[in-house]
Amino acid sequence: MRPHSMNTPSPLISVVMPVYNRKKYLSLAVESILQQSFDDFEFIIIDDGSTDGASDVLRHYATQDSRVRLVEQENSGYAIALNRGIQRAKGQFLARMDSDDISLPDRFALQLEFLRSNPHIVVVGGQALRIDEDGDPLSPMVQLTDSSEIEQKLIGAIESNRGGLVHPSVMMRKDAVDTVGGYRPGFEPAEDRDLWLRLAEVGQLANLPHTVLHYRTHSESVSQERSAQQHANATRAIHDAYRRREQQIPETIHIWKLQDYPSSDAKTRGRYALTAARNRYYRTARKHARRALAAEPLNRHAWKAMVISLLGVELTTPSGYRQARGALLCDDK
């Protein structure tokens, strides 16, 4: 990593990244920010009481690059750590980052150009690639690009296969975030949806058509550990937005279902496998299918993934899968 001397007393962008452990992925995340093609930024990292050695990694980077501004604190939670970083930010724009993801090199340059050209936009994200704990691809995370559709998706008014905003992919106008009061810790771990809905009331939301982030999914992800609380607080954020806007809360809110979350590691692996197979990441699919089947030999998602990844097509009948599974079992003997 090259030394860097930041000559700008007030950088244009403030990058805010909370860290609680995640030592395994941390260097890749930090390096992806420090190697951005646009480099007029400060990198505010809030070490929220890490206990796995991540603190040592962060201290090293803070001594190597003057753009890194490390804040160490006792564990206080994700949203509180984010707000602390925002309070220290000097930049006109806030870029979010998480400690287990990877930003692509031109992310900041693309988002900054977009925000400068579109003063009515207060938040811009982008497309993302979902990766697993090993960094292998699972699936594209296709995001909506139209402002009104993004807002309608976030408020649960439309059901779409495309997403709203990927939290660690966004760049925001700091004055807009300050205006709405930043993150509200009471809505964690759906603090991002709550913030987007409040920001949509002072400006518009957008996503670039470009892939700007590799979003890591693993067993320690917040969405895996705290899915019930995330679901409840996302619903509460939506209801709160309707009340603020003095609109009637609809009977049906389009939000993910709790049963969509797998109940075991084997089921999670099976889902990973099938997702990867359907997106033609066959090597990733077979890896997760094998792991799933080792723990749960009758995992149907894993068997489907194996068939797709080996045949290149998805069979449509149960008998077809039974025949393919029998052939695979014979091949293994």
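The values are calculated or read from the model by the stated rules, or taken from the named source; none is laboratory data. All values reported here derive from a predicted model rather than from experimental measurement. Note that each Cβ is placed from the backbone with ideal geometry, even for glycine, and that neighbours are counted across all protein chains shown. Note: accessible area is taken over every heavy atom of the protein model, side chains too, but ligands, DNA and RNA are not part of it. Shrake-Rupley method; radii C 1.70, N 1.55, O 1.52, S 1.80 Å.
Structure notes:
- Subset tally (residues that are crowded, with 18+ Cβ neighbours inside 10 Å and more than 22 Å from Gly77 (Cβ to Cβ)) for region 40-61: 3
- The residues of region 196-209 that are over 15 Å from the mean Cα position of the chain (by Cα) and either buried (at least 21 other Cβ atoms within 10 Å of the Cβ) or closer than 25 Å to Ser227 by Cα (or both), listed by number, are Leu197, Arg198, Leu199, Ala200, Leu205, Ala206.
- Checked against (1) touching a residue at least 24 places away in the same chain (Cβ under 8 Å); (2) surrounded by fewer than 17 Cβ atoms within 10 Å (Cβ to Cβ), His239 passes all but condition (1).
- Consider region 147-166 and keep the residues that are surrounded by fewer than 21 Cβ atoms within 10 Å (Cβ to Cβ) and in contact with a helix residue (DSSP H, G or I) (Cβ under 9 Å, 6 or more places away or on another chain). The one that is nearest to Arg244 (Cα to Cα) is Ala157.
- Condition met for Arg96 (basic (Lys, Arg), modelled with pLDDT of 95 or more and in contact with an Asp or Glu (Cβ under 7 Å, 6 or more places away or on another chain)): no
- Yes/no for Ser37 being out of contact with any Ser or Thr (no Cβ under 8 Å at 6 or more places or on another chain) and more than 22 Å from Gly91 (Cβ to Cβ): no
- Condition met for Ala232 (outside any loop (DSSP other than H, G, I, E, B) and either open to solvent by less than 20 Å² (accessible area, probe 1.4 Å) or not hydrophobic (A, V, I, L, M, F, W, C) (or both)): no
- Taken over region 270-282, the criterion of being open to solvent by 30 Å² or more (accessible area, probe 1.4 Å) and either over 17 Å from Asp132 (Cβ atoms) or outside any loop (DSSP other than H, G, I, E, B) (or both) is satisfied by Arg271, Thr275, Arg278, Tyr282.
- Top-ranked residue in region 117-145 [being touching a strand residue (DSSP E or B) at 6+ places or on another chain (Cβ under 8 Å) and acidic (Asp, Glu); ranked as most open to solvent (accessible area, probe 1.4 Å)]: Glu133
- Contact map, region 276-296: first residue within 10 Å of Ile308 (Cα to Cα), second residue open to solvent by 80 Å² or more (accessible area, probe 1.4 Å) and not in a loop (DSSP other than H, G, I, E, B), Cβ cut-off under 8 Å, separation 6 or more or different chains; pairs are Tyr282/Leu310; Arg286/Leu310.
Quick grid of which residues meet (1) within 21 Å of the chain's Cα centre (by Cα); (2) hydroxyl-bearing (Ser, Thr, Tyr); (3) modelled with pLDDT of 95 or more; (4) assigned to a loop (DSSP other than H, G, I, E, B):
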position	(1), (2), (3), (4)
Ile249	no, no, yes, yes
Thr252	no, yes, no, yes
Ala266	no, no, no, no
Thr284	yes, yes, yes, no
Ala289	no, no, yes, no
Ala294	no, no, yes, no
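- Pro262 passes every criterion in (1) open to solvent by less than 50 Å² (accessible area, probe 1.4 Å); (2) closer than 18 Å to Leu298 by Cα; (3) assigned to a helix (DSSP H, G or I) apart from (3).
- All helices (runs of 4 or more DSSP H) inside region 134-227 with 1 or more residues being within 30 Å of Thr268 (Cα to Cα): 147-154, 191-199, 222-225
- Just one of the numbered conditions (1) outside any strand (DSSP E or B); (2) surrounded by fewer than 19 Cβ atoms within 10 Å (Cβ to Cβ); (3) within 14 Å of the chain's Cα centre (by Cα); (4) not basic (Lys, Arg) is not true of Gln87: (3).
- Test: residue in region 90-107 that is open to solvent by less than 70 Å² (accessible area, probe 1.4 Å), part of a helix (DSSP H, G or I) and closer than 18 Å to Leu213 by Cβ: yes
- Applying the condition of being in contact with a strand residue (DSSP E or B) (Cβ under 7 Å, 6 or more places away or on another chain) and among the small types (Gly, Ala, Ser) to region 80-109 and asking which residue is farthest from Asp192 (Cα to Cα) yields Gly91.
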